[in-house]
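**Q** The structure follows.
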């Protein structure tokens, strides 16, 4: 395990993304997603509040359609705003 330097821990965006990702990963695992085998993208969204959408899709996305899981996480309190599952 790597130790993070002080400048990394003071980077608000890096720490926020790490916390949001950990929250979303927990929910994804609860829903049966193999997080380590997923192609993961993270997008910042702005609705009345700022939240992050963590998308879990197949790594071989060219040959497979659908089935993505999207977990929207509020970056202030780490509450999950919504979970969307593609068909």
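**Q** Could you look through segment 17-49, keep only residues that are more than 30 Å from residue 60 (Cβ to Cβ) and out of contact with any strand residue (DSSP E or B) (no Cβ under 7 Å at 6 or more places or on another chain), and pick out the one that is surrounded by the fewest Cβ atoms within 10 Å (Cβ to Cβ)?
**A** 48
**Q** Can I ask one more? Can you pull out the residues in segment 31-75 that are outside any strand (DSSP E or B), under 17 Å from residue 18 (Cβ atoms) and at pLDDT below 90?
**A** 75 - this is the single residue of segment 31-75 that is outside any strand (DSSP E or B), under 17 Å from residue 18 (Cβ atoms) and at pLDDT below 90.
The values are calculated or read from the model by the stated rules, or taken from the named source; none is laboratory data. None of the values given here were measured: they were computed from a predicted structure. Positions of Cβ are generated from backbone atoms using ideal geometry, with glycine treated the same way; all protein chains shown enter the neighbour counts.
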